[in-house]
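Colleague: The structure is given below, and queries will be raised subsequently.
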Amino acid sequence: MSGKYVGARVARSEDPRLLRGRGEFVDDIRLPGMLHAAFVRAPLAHARIAGIDASVARAFPVGGGG
């Protein structure tokens, strides 16, 4: 491999769009009927999960929300 690429400036086509705040990210995508999920990590390493109260999540209308 030639050394002419190491340390050389590389023109990036996405920079102007991102620097102007016009970048599009996965979180910006909205599709009809899209649902969301949240993951919570345990605050204790190697702890046993005794139970999960999902009653609020189950009561939430599917496809609803904002």
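The values are calculated or read from the model by the stated rules, or taken from the named source; none is laboratory data. Computed from a predicted structure; not experimentally measured. Cβ: placed from backbone, ideal geometry, glycine included. Neighbour counts: every protein chain shown. Side chains included, ligands, DNA and RNA excluded: accessible areas come from the protein's heavy atoms. Shrake-Rupley method; radii C 1.70, N 1.55, O 1.52, S 1.80 Å.
Colleague: Using a 1.4 angstrom probe, figure out how much accessible area the chain has per residue, in square angstrom, rounded to the nearest whole.
Modeller: Values: 7220 Å² over 66 residues.
In whole numbers, the chain has 109 Å² accessible per residue.
Colleague: Can you match P(r) over Cα pairs in 10 Å bins from 0, in percent to one of these, [x] 21, 42, 23, 12, 3; [y] 17, 33, 34, 15, 1; [z] 12, 23, 21, 20, 17, 8, 0, based on a calculation from the structure here?
Modeller: Label of the calculated value: [z].
Colleague: Whole-Hz Karplus ³J(HN,Hα) for the stretch 32-38, in order, using 6.51 cos²θ - 1.76 cosθ + 1.60 and θ = phi - 60°, x for Gly and Pro?
Modeller: Values, residue by residue: x, x, 5, 10, 10, 9, 10 Hz.
Colleague: Of the heavy-atom accessible surface of the chain (probe 1.4 angstrom), what whole percent is carbon and sulfur? Spell out each step's value before the answer.
Modeller: Working: 4180 of 7220 Å².
Heavy-atom surface of the chain belonging to carbon and sulfur, 1.4 Å probe: 58 percent.
Colleague: Considering the dipole of the chain built from charges on the beta carbon (Lys and Arg +1, Asp and Glu -1) around the Cα centre, which of Pro16, Pro43, Ser55 is farthest to its positive end?
Modeller: Final value for the positive-end residue is Pro16.
Colleague: What figure, in Å² to the nearest 10, do you get for the accessible area of Phe60 with a 1.4 Å probe and non-protein molecules left out?
Modeller: The value for Phe60 is about 110 Å².
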